[in-house]
Amino acid sequence: MRRVVVTGLGVVSPVGTGVKKFWENLTKGVSGIDRIRRFDPDQFNLSVKIGGEVKDFDDSKYFEPKEAKRVSDFVKFALACAYEAIEDANLKKFDPYRVGVIVGTGIGGLRDIEEQKEVLEKRGARRVSPFFIPYGISNMASGLIALRFGFKGPNYCVVSACATGNHAIGDGFRLIQKGDIDVAIVGGTESAITPLGVAGFASMKALSTRNEEPKKASRPFDKDRDGFVMGEGAGILVLEELNHALRRGAKIYCELVGYGATDDAYHITAPCADGEGAYMCMKLALEDGKVKPEEVDYINAHGTSTPLNDKIETLAIKKLFKDHAYKLKISSNKSMIGHLLGAAGAVEAVATVKTIETGVIPPTINLENPDPECDLDYVPNEAVKYPVRVALSNSFGFGGTNACLVFRKMKD
Amino acid sequence: MLEEKVYQIISDQLGVEKDKLSPDKKLIEDLGADSLDVVELIMAFEEEFGVEIPDEDAEKIQTVGDIIAYLKEKVGE
C-alpha cells in the first residue's frame, strides 16, 4: 500500500486566520468565544447568544468585490485555507488529473438559504439571486478550489455532520493509498452561526447557555459543562503520496497512517451509552495504521463539552486503551474554538499535525472541576511540552457517525 | 441621467470601470459577463427603474446600448 504524508496546512478559525496565529493562540489557551456579533441574538429571542465567530478574515485577498458579494462564507473560508495550505506545501508543478479535492461541510450555505427565503417572501421569485444555488451548494468549496488551482482529479464534498472533516481526510487518504491520485486537498469548512442555525441547535438543548461568560462556556470534561458552543471556520491539509513528496523535496510534517469509520446505529443524535461505536472506530483506525494502543501518545478528542459526549468518549478510550488510557494525553481544541461542526475534524487535524511537529499539546481550557466520570489526563488549562510520535484525532457526528485518524511522526 | 445610472449599475455588478463602458460594448464578449451575471444585471435594472423585463426581452439585450435603448422606451424618457 502506498504511504501518505502531510505536506501543507491551512486554517481559518475563531482564534485566528492562518496556521501561525491559530497555533499561537491555541497553545496559549486563548478562547475565541464571544457574544455573537454578526446579528443580534436578542432580535430573534435566542436562548443562546454566544459563538466562536471568525473575526480577522479579509476576503479581498481572494475575491474581486463582485465575487465577494456572491460567494458564501463557508466557501470563502475553505478557499483561503487552500491558498495557505498549497503555498505551505510549495505545490507548483503537478499532473492535474492526479490531484483531487475533497472538502466537506456539515451544513453548507445556511445563511444564503435564510437570506434568499426572505427575498422570495418579501420581493418575489424574480428577485432570488442566480448565484444562490451555485455558491450555496455544499460542494462549491471543493469546486472553487479546483477551478482556482486547476486540479482536475476527483472532486466532491463529504457531508457527515460533525465527522465531515475526518471523513474527507480519510477519503483523500484512501484515494492516494490505492493509487487513484498522488495529491489530495482535503478538509472541512463551516459557517452556520446564523439565526436559524443557532435556533435549531438551541432547540435541541445541545448548546451551552452560559451567555454571561462566553469564554468559559465551552468546558469539555468539566463537571459543569452544559453543551457545546458553535464555531465557524475551515481547515485544509495537503496529503501527498510519500515518494511524490520526496521527489519534489517537499517539507513533510508527518505521516497519516490510519483511518477508521463506524456508526453507532443507535440514536439520531445521542451516542450509544457504552461507547461501542467510538471504541470500534478508534480500534479500526489503529489496526489500519498497524499501531498498537500503547504506542499512542496523544488523542485530540472530539470533546464537545456536552454532558454525554465527553463521558462516553472517555469510556470508549478506557475500553480500548485500558491502563494506557491513564498514561496518554488527551485534549479538546473545542474548549477554545468551539465546535466547528463540519470543519471541526479538519481544524483539529491541523492542530494534531502541529502537535506532532512541535511537541506541544494545546490545553483543554475551563477544566476547573473535572467530572468524576472523566478521570483521564486532558491537559487542563495549560499547554504541555510532550514528545508525540503517534496521535489520534476523533470526530463523531449526528446520525451516529464516527471517524478517527491516526498520524505518526516520520522516522528519521 | 438614465445612461449614467445604467453605467453605474453595470460597473458595480460586473466590476468594470465606468470609463471602459460605451454603448457598443457587448456584455458577454467585451465585459466578461456570464449568463448568470446577465440575469443578476437584469434584476438590478428592474429594481432601479421599477420595470419588469420579461425573459424574451432580456434575451435580445446584448450590448450596453441595447439596455439604454430598451429602458428609455420602457421608462418613457
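The values are calculated or read from the model by the stated rules, or taken from the named source; none is laboratory data. Just so you know, these numbers come straight off a predicted model, no measurement behind them. Here Cβ is always computed from backbone atoms with ideal geometry, including for glycine, and neighbour counts include all displayed protein chains.
Which pairs turn up if I take residues in the stretch A:299-319 that are surrounded by 24 or more Cβ atoms within 10 Å (Cβ to Cβ) and look for partners that are among the charged types (D, E, K, R) and in a loop (DSSP other than H, G, I, E, B) with beta carbon separation below 6 Å, at least 6 apart in sequence or on another chain?
A:305/A:219; A:305/A:225
Look through A:285, A:273 and report the one residue that is outside the structural domain of residue A:27 (by TED's automatic domain parsing) and part of a loop (DSSP other than H, G, I, E, B).
A:273
Yes or no, residue by residue, for (1) crowded, with 20+ Cβ neighbours inside 10 Å; (2) at pLDDT 95 or above; (3) of a type in the set (Lys, Arg); (4) assigned by TED's automatic domain parsing to the domain that holds residue A:44:
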residue	(1), (2), (3), (4)
A:211	no, yes, no, yes
A:219	yes, yes, yes, yes
A:223	no, yes, yes, yes
A:229	yes, yes, no, yes
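Could you list, ordered by first residue, the pairs with Cβ atoms under 8 Å in which the first is in the stretch A:63-76 and facing chain B (nearest Cβ under 8 Å) and farther than 21 Å from residue A:13 by Cα and the second is at pLDDT below 95 and not in a loop (DSSP other than H, G, I, E, B), at least 6 apart or interchain?
Final answer for the pair search is A:66/B:12; A:66/B:13; A:66/B:14.
Could you tell me whether any residue of the stretch B:21-41 is closer than 24 Å to residue A:123 by Cα, among the polar types (S, T, N, Q), assigned to a helix (DSSP H, G or I) and away from chain A (no Cβ under 11 Å)?
No; the residues of the stretch B:21-41 include none that is closer than 24 Å to residue A:123 by Cα, among the polar types (S, T, N, Q), assigned to a helix (DSSP H, G or I) and away from chain A (no Cβ under 11 Å).
Determine which member of the set A:68, A:85, A:146 is part of a helix (DSSP H, G or I), of a type in the set (A, V, I, L, M) and under 30 Å from residue B:52 (Cα atoms).
Just a single option satisfies the conditions, and that option is A:68.
State yes or no: is residue A:83 at negative phi, in contact (Cβ under 8 Å) with a residue 24 or more places away in the chain and within 14 Å of chain B (Cβ to nearest Cβ)?
no
Given the criteria among the β-branched types (Val, Ile, Thr), outside any helix (DSSP H, G or I) and surrounded by fewer than 23 Cβ atoms within 10 Å (Cβ to Cβ), does residue A:159 qualify? Before the answer, list the steps.
Working: among the β-branched types (Val, Ile, Thr): yes; outside any helix (DSSP H, G or I): yes; surrounded by fewer than 23 Cβ atoms within 10 Å (Cβ to Cβ): yes.
So residue A:159 fits the description; yes.
Just checking, which of A:86, A:50 is at pLDDT 95 or above, under 29 Å from residue A:160 (Cβ atoms) and out of contact with any Pro (no Cβ under 9 Å at 6 or more places or on another chain)?
On inspection, the qualifying residue turns out to be A:86.
Looking at the stretch A:54-82 only, could you name the residues that are in contact with a strand residue (DSSP E or B) (Cβ under 7 Å, 6 or more places away or on another chain) and not β-branched (Val, Ile, Thr)?
Passing the criteria: A:56, A:57, A:74, A:77, A:78, A:80, A:81, A:82.
Would you check if residue A:115 is without any contact (Cβ under 8 Å) to a residue 24 or more places away in the chain, out of contact with any His (no Cβ under 6 Å at 6 or more places or on another chain) and surrounded by fewer than 24 Cβ atoms within 10 Å (Cβ to Cβ)?
Answer is yes for this residue.
Which condition from (1) closer than 19 Å to residue A:53 by Cβ; (2) in a helix (DSSP H, G or I) is the one that residue A:366 breaks?
(2)
So residue B:60 clears everything in (1) of a type outside the set (Asp, Glu); (2) touching an Asp or Glu at 6+ places or on another chain (Cβ under 9 Å); (3) surrounded by 11 or more Cβ atoms within 10 Å (Cβ to Cβ) except one condition, right? Which one?
Among (1) of a type outside the set (Asp, Glu); (2) touching an Asp or Glu at 6+ places or on another chain (Cβ under 9 Å); (3) surrounded by 11 or more Cβ atoms within 10 Å (Cβ to Cβ), residue B:60 violates only (3).
Can you name the residue in the stretch A:122-142 that is hydroxyl-bearing (Ser, Thr, Tyr) and assigned to a loop (DSSP other than H, G, I, E, B) and, of all such residues, is farthest from the other protein chains (Cβ to nearest Cβ)? Break it down stepwise before answering.
Taking the stretch A:122-142 and keeping what is hydroxyl-bearing (Ser, Thr, Tyr), we get A:129, A:135, A:138, A:142.
Of the ones still in play, those that are also assigned to a loop (DSSP other than H, G, I, E, B) are A:129, A:138.
On the way: A:129: 7, A:138: 19 Å.
Here the residue is A:138.
Provide a single number: the residues in the stretch A:322-336 that are surrounded by fewer than 24 Cβ atoms within 10 Å (Cβ to Cβ) and under 15 Å from residue A:393 (Cβ atoms).
The qualifying residues number 2.
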